[in-house]
Amino acid sequence: MLRESIKGMSEVLKTDIPHGYVVLITGGVGSLKSSFVYSALANYLNKRKDEYGVYVTLEESKDSHLRNMTSLGIKKPEHLQIFDYQDIRKEWRNEEPSLNMVNITEDVIKFYKEDMGDKFTIFALDSINALQTLTKAENLRRESYHFFNLLRDSGLTSFIIEETQSDEGRKHVPESYLSDAVIDLGVIETPELVSRYLQIRKMRTAKHSMKKHQLIITDNGIEVLGPVYEK
């Protein structure tokens, strides 16, 4: 579902990811993490009219997120639900912070699974950084472990966005050990130009390129081009 959902990804992924994978999308500010994930879900669901997806955003309101995606030429498919935590966060500000956002996200997944049944196949979280920040728990690593197991047990193909601070940080994020795949998005700066790139750092069972491939925005959304560094 990933290989054919982003134009040019077939040059990076030689075989597609299995259904039920947990995919971690990492990168710094401005590396197109949200746009990449949303584009993949939108393009996939536009072709699969019998499936549903849920995109959970903790950092933006639903309206703000949709405006940003529309400006990039990415249209919301009918079968994609956008869920934001605006109401919950308003409630949080008015009382002592005591909510566990991991548990609330688990309830969100259960609600949509009960509502859509087996047609609910794809889930995205934007972002796990915000989830961890808003979660009041003594052991965040244990909560992350529980959360990733929840996603895997749910049978959903899941995309988890994680913002990192540097190239070095992207190599060692703890969640990379819990995921089935890690796709790193970044920016390369030279005196002449600034280029965005995509690189697969981890992809269990799937054959893939290890090269950095250029990532661009077109009038129709996100597109992957050839390797950044050609011999």
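The values are calculated or read from the model by the stated rules, or taken from the named source; none is laboratory data. All figures in this text were calculated on a predicted structure; none of them were measured in a lab. A quick note on method: Cβ atoms are made from the backbone with ideal geometry, for glycine too, and the neighbour counts reach across all protein chains shown. Heavy atoms of the whole protein, side chains included, go into the accessibility calculation; ligands, DNA and RNA do not. Shrake-Rupley method; radii C 1.70, N 1.55, O 1.52, S 1.80 Å.
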Original post:
Of all residues in region 2-29, how many are touching a residue at least 60 places away in the same chain (Cβ under 8 Å) and open to solvent by less than 40 Å² (accessible area, probe 1.4 Å)?
Top reply: 15
**OP:** Return the pairs, sorted by first residue and then second, in which the second residue is in a strand (DSSP E or B) and of a type in the set (Gly, Ala, Ser), the first residue lies in region 48-76 and is over 25 Å from PHE111 (Cα atoms) and in contact (Cβ under 8 Å) with a residue 12 or more places away in the chain, the beta carbons are less than 8 Å apart, and the residues are 6+ apart or on different chains.
**Re:** LEU72/GLY221; GLY73/GLY221; ILE74/GLY221
Original post:
If only one of TYR38, TYR44, TYR52 is closer than 17 Å to THR218 by Cα and hydroxyl-bearing (Ser, Thr, Tyr), which one is it?
Top reply: TYR38
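What number of residues within region 116-145 satisfy the criterion of being modelled with pLDDT of 90 or more, more than 14 Å from GLU163 (Cβ to Cβ) and polar (S, T, N, Q)? Before the answer, list the steps.
Initially, region 116-145 is screened for residues modelled with pLDDT of 90 or more, giving 116-129.
If we keep only those that are more than 14 Å from GLU163 (Cβ to Cβ) too, we end up with 116-124.
From what is left, the residues that are polar (S, T, N, Q) are 121.
Final tally of qualifying residues: 1.
Residue-wise test of (1) within 22 Å of ASP180 (Cα to Cα); (2) in a strand (DSSP E or B).
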position	(1), (2)
ARG3	yes, no
LEU24	yes, yes
SER31	yes, no
PHE36	yes, no
LEU41	yes, no
GLY53	yes, yes
GLU60	no, no
LEU66	no, no
ILE74	no, no
Original post:
Do we find that LYS33 is at pLDDT 95 or above, over 14 Å from GLU223 (Cβ atoms), open to solvent by 10 Å² or more (accessible area, probe 1.4 Å) and touching a strand residue (DSSP E or B) at 6+ places or on another chain (Cβ under 8 Å) in this structure?
Top reply: yes
Subject >> Members of region 67-90 found to be modelled with pLDDT under 90 and loosely packed, with under 11 Cβ neighbours inside 10 Å, listed by number >> reply: ASP87, LYS90
**OP:** Inspect region 146-161 for any residue being under 16 Å from the mean Cα position of the chain (by Cα), within 26 Å of SER61 (Cα to Cα), polar (S, T, N, Q) and modelled with pLDDT of 95 or more and give the result as yes or no.
**Re:** yes
**OP:** For residues that are more than 18 Å from SER179 (Cβ to Cβ) and assigned to a helix (DSSP H, G or I), tally how many sit in region 115-129.
**Re:** 5
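Restricting to region 36-50, give me the number of residues that are buried (at least 19 other Cβ atoms within 10 Å of the Cβ) and closer than 23 Å to GLY117 by Cα.
Filtering region 36-50 down to residues buried (at least 19 other Cβ atoms within 10 Å of the Cβ) leaves 36-45.
Those left that are additionally closer than 23 Å to GLY117 by Cα: 37-38, 40-45.
Residues in region 36-50 being buried (at least 19 other Cβ atoms within 10 Å of the Cβ) and closer than 23 Å to GLY117 by Cα: 8 in total.
Can you name the residue in region 177-206 that is among the hydroxyl-bearing types (Ser, Thr, Tyr) and free of Cβ contacts under 8 Å to residues at least 24 places away in the same chain and, of all such residues, is nearest to THR15 (Cα to Cα)? Don't jump to the end; show me each part of the working.
Kept after step one, since they are among the hydroxyl-bearing types (Ser, Thr, Tyr), are these residues of region 177-206: 177, 179, 190, 195, 197, 205.
From what's left, free of Cβ contacts under 8 Å to residues at least 24 places away in the same chain: 177, 190.
Working: TYR177: 21, THR190: 32 Å.
This residue is TYR177.
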